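What follows is calculated from the coordinates using simple rules that are stated; it is not laboratory data. Since the model is a prediction, treat every value here as computed from it, not as a measurement. Note that each Cβ is placed from the backbone with ideal geometry, even for glycine, and that neighbours are counted across all protein chains shown.
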Ligand SMILES: NC(=O)c1ccc[n+]([C@@H]2O[C@H](COP(=O)([O-])OP(=O)(O)OC[C@H]3O[C@@H](n4cnc5c(N)ncnc54)[C@H](OP(=O)(O)O)[C@@H]3O)[C@@H](O)[C@H]2O)c1
């Protein structure tokens, strides 16, 4: 019996389905790295509430937590419930600020139910038309794109910005905020359909397919004045194309390196560290990594107010890649890492009651 059959068979029971880490991936994750557990719905204590998951966010960082390589956060342990941001509904509450029926953004993970003490839980507006946007353009990924570009990218009108994964929730935010700030925006995405959407809907000036054999030449032709800001989402071949085009004093917010997350060894070819260090020195580059809530948590209310207005006015657009059912989470996760998503990946786990 497949993993999906197992999950589907149990989904109507009054129990808590949980998807747990069964083993650590070597390379790309597979279904064998996950296991289904079904247990009792947990009981909140006198200072907790019970949450029922409505939407589960799937994000590239989850691949890092499945590994035990040293990183900025502790790894999941084998047997832990997969972690993840969620939109959830309050089912029972012993916390003053949260009432039964409230919709919240929580970190409930890949499961139907969780208990929370309310810390770090954000209440959503009850009238919000699309609560799942709290996991994308109005949540962690949108916030990441906004802060990385504006704070580390230090954009100035007329400069050239390049960002890959341009139709995902981070890249789409970076490009659209870049347009608002008067930058020339060059998106990079996987395939003609994504590139057309990036230009026609998101307003990028140009979008290039990183799978093209002559990607580096196309990028050079699209950046006649060089690159002032490279918002780093992917690394790999895109970064190789960007490096020779960087201008003096260019800024590189290092947000993610998704092309490397499944890598098991260093890329082929000669060591390019010396070339990179030479460029940092001669071009006086600013290269800064950041982890969004660690660095910028205090700015979230300001971001949310600004982005909500832009979304409402249509200045910023968003696209979701929504899949139905908790059982689909592992496959949707593999697809997202592989570029088969088109927009922010969200799993619809249950209906709002
Ligand atoms: N630092 C932080 O605090 C923070 C917070 C959130 C996210 N991030 C990072 O931001 C980046 C984007 O996240 P997201 O949620 O917006 O992801 P996403 O765009 O929804 O999904 C990842 C995308 O990466 C692209 N990709 C995969 N392999 C690639 C390759 N070899 N070369 C080029 N592109 C490749 C694919 O898009 P295409 O098909 O278009 O290539 C894929 O759709 C990730 O690196 C993530 O880890 C960092």
Largest fluctuation, 277, 336, 66 only, Gaussian network model of the chain with Cα springs under 10 angstrom, belongs to 277
Summing -39500 (n - 2.57) over every DSSP H run of at least 4 residues in the chain and dividing by its residue count gives a helix-only mean residue ellipticity at 222 nm, to the nearest 500 deg cm²/dmol, of -7500 deg cm²/dmol
Ordered by fewest other Cβ atoms within 10 Å, a rough proxy for footprinting exposure, 59, 225 read 225, 59
Ranked from fewest to most other Cβ atoms within 10 Å of their own Cβ, 40, 295 fall in the order 40, 295
Put in order of increasing Cβ neighbours within 10 Å, starting from the fewest, 273, 56 give 273, 56
Out of 37, 198, 221, a Gaussian network model of the chain with alpha-carbon springs under 10 Å gives the largest mean-square fluctuation to 221
Counting only DSSP beta bridges with both partners in the chain, the antiparallel fraction in percent, to the nearest 5, comes to 55
Highest GNM mean-square fluctuation among 112, 268, 102, for the chain with Cα springs under 10 Å, belongs to 268
